[in-house]
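> Please find one structure pasted underneath; my questions will follow.
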Amino acid sequence: MTNILSATPEGGFDLGHGMMMPDAAILRDGRVAADSFWSEARHAAERDAIYRRCWLYMVRAEDLPEPGDYVVRNVEICGVSVLIVRGKDDVLRAFHNVCRHRGMPVADGACGKAEAFRCPYHSWTFGLDGSLKAIPNQRRFPALDAGDLGLVPIAIDVFAGFVFINLDPQPGLSLKAFLGGIAPLLEATTLAPFTHRDSLSYDVAANWKAGLDPQYEGYHVGTVHALTIREISVTPANPFSEFRKMAFAGPHAAGWSQGNPSWRPRADRIVQSFAVQTMGALAGRVAGEGYPSAETPASLAIFPNFMIHPGAGGWFTQQHWPLTAQSHRWTAHYYYHAPVTASERLAIAQATAFGRDSGMEDFMVMARQQKGLASGATDSFYYGEAEMLPRHRAAVIRSVLNGAQANMRSAA
């Protein structure tokens with residue numbers, strides 16, 4: 001794993017460089033300012049320095065298999081609607097979903113298929129390549145050059161089937177450079193065998209970083225997840241569900257969990273027992289296809305808000321998108337082997353519901369935590385050594401914001 005340095009005595013950390021080098025003070029003691037989870041000024045700073053500058057995961061390339069297939073993704077914190085479409089030349093392109101005439105969105109809905117994009121306001125029409133194709137009553141626009149009025153492009157790139165965009169008109173790093181040492185792990189997360197997908201989305205009354213925190217550590221599992229994953233994750237030898245290994249590559253991170261190898265569903269949980277047995281049979285039927293190895297991380301965190309969780313029976317991806325300083329939207333996709341029987345379909349539905357229930361346990365805690373932090377009762381909080389992944393992320397964010405502030409001062 002090139003440039004992935006494990007947290008072991010003989011290893012170290014690839015902590016990146018420049019603005020992505022984590023803040024040393026936060027890495028050292030884990031202390032984080034409480035207002036970083038509720039301040040409007042901090043929210044705006046993260047918008048400008050992170051979400052308008054970093055590569056952001058949008059969609060899988062196979063979700064747009066044919067020319068004319070498109071998706072619309074909204075980056076709410078930036079007020080941007082992103083249109084991603086596969087052109088007639090088979091190239092994926094991204095544009096601001098905004099007509100150049102009067103600012104109307106040209107594509108509606110979350111996804112679809114189109115020969116062209118016709119604005120619903122005045123029927124200006126744009127090709128799949130973004131070029132302006134038609135202006136009704138064009139003679140009334142004598143000064144306009146249609147060649148200069150195509151949809152505004154957005155930087156886009158694809159790595160291992162994962163489609164990313166960057167809202168910076170001139171990204172400071174290519175996608176490959178941004179991924180850096182985490183790229184080999186991302187490349188290994190093939191989703192090709194998992195052709196069945198379930199999706200969930202919820203708005204959560206908590207800062208986006210509060211949403212990510214529980215995904216980055218197991219310290220809370222024994223307390224919060226009594227009804228779902230506690231017995232799967234906690235053992236007498238590992239009572240706080242700590243990662244057995246962690247790795248860092250610039251702003252990104254990975255964690256290898258230990259789990260509870262002796263766990264079996266309780267006999268009185270009939271639906272869960274049935275689902276686990278059926279999912280095991282489904283995974284066994286396609287053994288060797290997409291199976292993670294012992295060296296596959298349980299959690300792969302791509303800065304700023306994208307996480308991948310591999311598994312033998314399927315893969316789970318999630319993102320936490322900022323809405324306001326004190327709220328965010330959780331989007332999750334569960335990828336499974338295609339079910340053949342009714343039993344397999346039921347087992348997959350139960351697996352997704354189990355993931356939803358585990359998420360809900362986190363969401364309830366997040367909302368209460370958010371109120372506590374926003375009350376002003378404390379000016380800081382702490383990430384312990386068992387919470388090194390969220391500590392690392394907080395340190396990266398602090399460094400990025402410090403760098404952005406320094407650049408603004410030097411430009412003034």
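> Considering only region 116-126, state which residues are part of a strand (DSSP E or B) and not β-branched (Val, Ile, Thr).
Phe117, Arg118, Phe126
> If a residue must be of a type outside the set (Gly, Ala, Ser) and not in a strand (DSSP E or B), how many such residues does region 127-158 contain?
16
> Within region 98-109, can one find any residue that is among the hydrophobic types (A, V, I, L, M, F, W, C), at pLDDT 95 or above, outside any loop (DSSP other than H, G, I, E, B) and outside the structural domain of Gln369 (by TED's automatic domain parsing)?
The answer is no; no qualifying residue exists.
> Name the helices (runs of 4 or more DSSP H) wholly inside region 159-270 in which the number of residues that are within 17 Å of Val59 (Cα to Cα) and touching a helix residue (DSSP H, G or I) at 6+ places or on another chain (Cβ under 7 Å) is 1 or more.
175-179, 183-187
> Name the residues in region 110-140 that are surrounded by fewer than 18 Cβ atoms within 10 Å (Cβ to Cβ) and among the aliphatic types (A, V, I, L, M), would you?
Ala110, Ala114, Ala116, Ala134
> Right, something else. Consider Ala394 carefully, then state whether it is within 30 Å of Ser257 (Cα to Cα), part of a helix (DSSP H, G or I) and assigned by TED's automatic domain parsing to the domain that holds Leu300.
Yes: the conditions hold for Ala394.
> Return yes when Gln350 is more than 20 Å from the chain's Cα centre (by Cα) and over 18 Å from Ala253 (Cβ atoms) and no when it is not.
Yes; evaluated as a whole, the condition is true for this residue.
> Would you mind telling me which numbered condition in (1) surrounded by fewer than 17 Cβ atoms within 10 Å (Cβ to Cβ); (2) in contact (Cβ under 8 Å) with a residue 60 or more places away in the chain; (3) among the acidic types (Asp, Glu); (4) not assigned by TED's automatic domain parsing to the domain that holds Pro339 Asp203 fails?
Going through (1) surrounded by fewer than 17 Cβ atoms within 10 Å (Cβ to Cβ); (2) in contact (Cβ under 8 Å) with a residue 60 or more places away in the chain; (3) among the acidic types (Asp, Glu); (4) not assigned by TED's automatic domain parsing to the domain that holds Pro339 one by one, Asp203 breaks only (4).
The values are calculated or read from the model by the stated rules, or taken from the named source; none is laboratory data. Bear in mind that the values here come from a model prediction, so they are computed numbers and not experimental data. Cβ: placed from backbone, ideal geometry, glycine included. Neighbour counts: every protein chain shown.
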